[in-house]
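Written below as structure tokens is the structure these notes are about.
No value in this document is a laboratory result; all are computed from the given coordinates. All values reported here derive from a predicted model rather than from experimental measurement. Cβ atoms come from the backbone with ideal geometry, glycine included; neighbour counts cover every protein chain shown.
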Amino acid sequence: MAFLDVHDLSVGIGPLQPLDRISFALDKGQILGLVGESGSGKSLTAMGLMGLLPLIGGRVTGGSIRLDGTELGDLSEPTYRALRGRRMALISQNPMTSLDPMVRVGEQVDQVSRMHLGLSGAAARSRSIDLLTQLRIPDAATVHQHYPHQMSGGMKQRVVIAMALAGNPELIIADEPTTALDVTIQAQIIQILVDLVRLRGLALMLITHDMGVVAQACDQVVVLYAGRVAEANTVAGIFARPAHPYTRSLIDCIPRLGQAPGSLKGIPGVVPGVGNYAGGCRFHPRCALAQAVCQQQVPPLQTRGQGRVACHFSLVATDG
Amino acid sequence: MADTHTDPSTSLVALRSLTRRFTSQTRLFGRRRVLTAVSDVTLDIARGTVTGVVGESGCGKSTLARLVLRLLAVSSGSVHFDGTDLVSLSGAAMRALRRRMQMVFQDPYSSIDPRYSVRAALLEPLHVQGLRPPRAEETARVEQLMAMVGLNPSLMNSFPHQLSGGQKQRVGIARALALQPDLVVLDEPTASLDVSIQAQIIALLEQLRQDLGLTYLFISHDLSLVRYFCDRIVVMYLGRVVEILPTANTPPRHPYTRALMDSSFEPDPQRRRVVTLLQGELPDAFDLPAGCAYAARCPGATARCRQERPDLASEGAHALACHHPLN
Amino acid sequence: MGRIRGSAPGRALCTWRGGLSAGCLMLVALAALLAPWVAPYAYDIQNLSATNQAPSLAHWLGTDEFGRDVLSRIIYGARTSLSVAMAAIGVSVLMGMCLGAAAAYFGGALDRAISAVVDLTWSFPEVLIALIFVAILGPGLYSTMIAISIAYLAQFSRLTRAQILAIKGETYIEAATSLGGGHLHIVFRHLLPNSLTPVIVAGMLATGDAIILEATLGFFGLGIQPPKPSWGAMMSSGTAQIFLAPWTIIGPGVAIALAVLSINQFGDALIDALDIRSKLRET
């Protein structure tokens, strides 16, 4: 039984069904990459796991989420709240807005320790400084007293990670933690997250739209498109033999060393809004391989080797 | 002196010892601090080429872009556009010259006036430069521009908040092209977009360059993107040029460029990077140190590096400012 | 018709709040405009044998202490109140926006100079400034207008300045410069249009205030001089017989309230209509 087990999770917002039967599993010490373009449902999945859907008027409409055997869907809000920050933590997308601009950053990290671990003020403070140092913030004791506006984006993101770690969680969900940052800072932050997983045996769900980040950091990959799983596999498998055309296209979006000019194409069209999903396979309007059946039938999620893929014409030949 | 092989009169843009300083506000007590955003940059941009300027946030590349277009005044040095000295040009003459040099901005969310529809935004450059088409032809002209960047003409009366990031950026590109410029400066045009949209926009830019014979100055912090897109790469650090790679595939010899390369992740799990070469962040450009500005973060820094700033020296078309270059 | 409906005032008119309040305002304005034809009597016809009469068929709102028809005086009084308030605020908004825009756009010494003068007027209450100017210029229609204009100038200048400072650094302003836009283009096509909303709110509210300010001046006999009617002056003279003939106060009081309420409501509707992100907007 995996540490985090998500089975057929469906999420609704009002009359719409943005997420449709998402399934994946994550163990401790592993990094799972949840990949897709903006609007594919990645952040919704994160919010669903954290039980934060009511904040945006959403709710889980089906499926189950099990954390270390406990079914999260059955929990009352107070119990869920006790879990958040303590056993599972969320690193939000934009560090610029995740931090309270009126409160010193050190205080914001302290709050987590005090609330979840019951530490006293001084103990929480020294723990925070410790965490900030581990996250390679130079002169952490001074930085502890800074306000967010005095810090760069990369530093702020480290503070947000420290807040996530302060409760000693076992699961961290990082929602596009490096999107707003330079590639050099992104590289450092990703390295920090990978080191954390290896050192502390955490489970990390890394949400991103960048297959380069996935290749660098992840063990398992789940590709989402328009609220459905398109493909899931080990990282080696998904890059060596991408089975879904969308996965292939996403990989091709990253310029490679020595790539011929003019060969970077991108994926034609845009991710459909929730009300505008196509019938049958939701990707078919943008797919080069689309046929009549793609419009008529939803492709089932089928096992292919070590992974699963939902496509009528997956790129990999069916092996036994 | 670097890059003197190109005759300045044939370059579209010629920068000589370009410097831009900012002074912090005077305080009641305490001295003013001077931030040198761009320091002694000499560069030529040949017609029809794509020159990339790469570096981390705060290295001065955006400031450089604005100096080239005279959106910022120059502290010292010169900027020549097609032989014309921009620094001494009058306001009116500069406004007229802007027809030939345009910019695509980084943040699509704020680069279009929220009260302007796509149509109004695309007509604005023509209006401002006195090139407004007759009423009857306005719609056709706007449709033509929208088609050029792959925008659905049905979006003509939409407002920025109704468009996606990629669509907004296409409007920004169309607006820059409306005046048929010679030079287009692209200030991190894809930084806030998903990689898939980024790839679309880059493909569009490539196509447009071929079709319209444009010259690009491409600013980015992503070296792998710059290596794909550009003919020539200028690497900046704390306001100075530290290396100029004559082709995209030239192996870098400056430790900073090497470190930048290692920060780009290849979409290949077999080739994972070990991110150790670049630690910390770009320091403030206030009160620059005496020696090489990169010495504080460079694993190979020696005493000489900390005391003596290396000049930008050319070996053929490859320019380098380092005491101990790689290979 | 499509272009009218598409504009912000047009959209405001299509809402209940906007339509009703605008309708009310139109009634008041029409009454003021067509006073000689609408009012049953001239405002200065005295009838000393019929003073302080209760409302009747002959005099729908009764008569005042000189036997003049209250309704007619209210209708003529609308001319005063509306014209003074709207003209004064209109001028004030225009001057204030120009000053604020100049200060914010050019900055430096000009900004400091303008801000110093504006802040000086800001530190006095509007009533006091109005009184000062009326004292200097003598009471009457034009001095009242000038006094009110100057009293509210600071508000619009500061608002405009703050708004423009906030958006001056936006990328789209830089973009307009890069296209070759000159100072005028940037100020009138980008900065001011994006600064309008709070200024219009303030303008609307100030119009209501100005009607009251004019009434206040009139109450003290410093505004329009008799026998020309002014709602404030009517209320003032009405206080003497408040128990004897309450309609002489209630009439103009309700008129003031109605006018101010309509203006404020229409201002609110206009704000909603100006918000391009509002879901009410049809594209």
Taking +1 at the Cβ of each Lys and Arg and -1 at the Cβ of each Asp and Glu, which of A:Val274, A:Gly153, A:Leu9 sits farthest along the dipole of the protein assembly as shown towards its positive end, judged by Cα position relative to the Cα centre?
A:Gly153
Viscosity 1.567 mPa s, temperature 4 °C: give me the Stokes-Einstein translational D for segment B:239-327 in µm²/s, with Rh taken as the Kirkwood radius over C-alpha pairs.
91 µm²/s
For segment B:80-94, take each phi angle, set θ = phi - 60°, evaluate the Karplus expression 6.51 cos²θ - 1.76 cosθ + 1.60, and give the result in whole Hz per residue in order, putting x for glycine and proline.
10, 10, 6, x, 8, 7, 6, 5, 9, 6, 6, x, 5, 5, 5
By how many degrees, 0 to 90 and rounded to 10, does the Cα axis of helix A:121-134 deviate from the longest principal axis of chain A?
50 degrees
In chain C, how does Rg compare with the Kirkwood Rh, expressed as the Rg/Rh ratio over alpha carbon atoms?
1.06
What's the longest uninterrupted piece of chain B once you rule out the trypsin sites (Lys or Arg not before Pro) that are loop residues per DSSP with at most 11 other Cβ within 10 Å?
B:33-327
Expected integer from the mean partner chain Cβ neighbour count at 10 Å over B:197-205 is 5
Just want the ordering: B:Glu243, A:Glu37, B:Glu315, from fewest to most Cβ atoms lying within 10 Å of their own Cβ.
B:Glu315, A:Glu37, B:Glu243
Quick shape summary for chain A, equivalent ellipsoid via Cα gyration tensor, semi-axes whole Å in descending order, reads 35, 23, 17
Ranked packing of A:66-75, B:189-198, most packed first, by mean Cβ within 10 Å:
B:189-198, A:66-75
Those aspartates and glutamates that a straight Cα-Cα span of less than 12 Å connects to B:Lys168, excepting residues fewer than 8 apart in one chain:
B:Asp107, B:Asp113
Hits among aspartates and glutamates - C-alpha to C-alpha of A:Lys156 under 18 Å, sequence gap 8 or more where chains match:
A:Asp100, A:Glu107, A:Asp110, A:Asp130, A:Asp139, A:Asp175, A:Glu176, A:Asp182, B:Glu56, B:Glu281, B:Asp284
Name the helices (complete DSSP H segments) of chain C with a Cα length along the long axis of 27 Å or more and a Kyte-Doolittle mean of at least 0.0, or state none.
C:70-106, C:141-168, C:192-219, C:247-274
Computed on Cα atoms, the radius of gyration and Dmax of segment A:232-290 in angstrom are 13.5, 41
Pseudo-spin-label distance C:Ala257 to C:Gln225, built 7 Å along Cα→Cβ, given in nm, is 3.3 nm
Pair C:Glu65, B:Thr84: separation of 7 Å Cα→Cβ label points (nm)
7.6 nm
At q = 0.10 Å⁻¹, what log₁₀ I(q)/I(0) does a Debye calculation on the Cα points of chain B give, no solvent, two decimals?
-0.62
Using a cut-off of under 14 Å, list every residue of segment C:152-193 whose amide N is near the label point 7 Å from the Cα of B:Ala92 along the Cα-to-beta-carbon line.
C:182-183
Taking R0 as 56 Å, what's the FRET efficiency between C:Ile45 and C:Ala113 from their Cβ-Cβ distance, rounded to 0.05?
0.60
Please list the three semi-axes, largest first and in whole Å, of the ellipsoid equivalent to segment A:28-67, using sqrt of 5 times the eigenvalues of its alpha carbon gyration tensor.
19, 15, 9
So who's got an amide H within less than 5 Å of the one on B:Asp40, skipping anything under 5 residues away but keeping other chains? H placed 1.01 Å off N, in plane.
B:Leu18, B:Thr19, B:Arg20
Which percent, nearest 5, of DSSP beta bridges in segment B:11-320 are antiparallel?
60 percent
Give the average over all directions of the projected area of the C-alpha convex hull of segment B:75-183, one decimal, in nm².
7.9 nm²
In angstroms, what radius of gyration and Dmax does segment A:96-168 have, counting Cα atoms only?
10.8, 30
Fewest Cβ neighbours within 10 Å first, please rank B:Thr302, C:Thr80 accordingly.
B:Thr302, C:Thr80
Inter-probe distance in nm under a simple model that places probes 7 Å from Cα toward Cβ, at A:Asp100 and B:Ala313
5.6 nm
Note the angle between two axes, namely the Cα long axis of helix B:165-177 and the longest principal axis of the Cα atoms of chain B, as a number of degrees from 0 to 90, rounded to the nearest 10.
80 degrees
Stretched fully, the stretch from B:Gln207 through B:Thr23 gains (0.36 nm per residue minus C-alpha distance, one decimal, in nm) 62.1 nm
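From the helices alone, meaning DSSP H stretches of at least four residues, give me the mean residue ellipticity at 222 nm for chain C, per-run term -39500 (n - 2.57), in deg cm²/dmol to the nearest 500.
It comes out at -23500 deg cm²/dmol, rounded to the nearest 500.
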At a Förster radius of 41 Å, what calculated FRET efficiency corresponds to the Cβ-Cβ distance of B:Arg306 and B:Arg271, to the nearest 0.05?
0.75
Compute the Rg/Rh shape ratio of segment C:20-88: radius of gyration over Kirkwood radius, all on alpha-carbon atoms.
1.04
Helix B:118-128 vs. chain B, principal-axis angle (Cα, 0 to 90°, nearest 10):
80 degrees
If you average 1/r over all unlike Cα pairs in the protein assembly as shown and invert the result, what Kirkwood radius do you get in angstrom?
32.3 Å
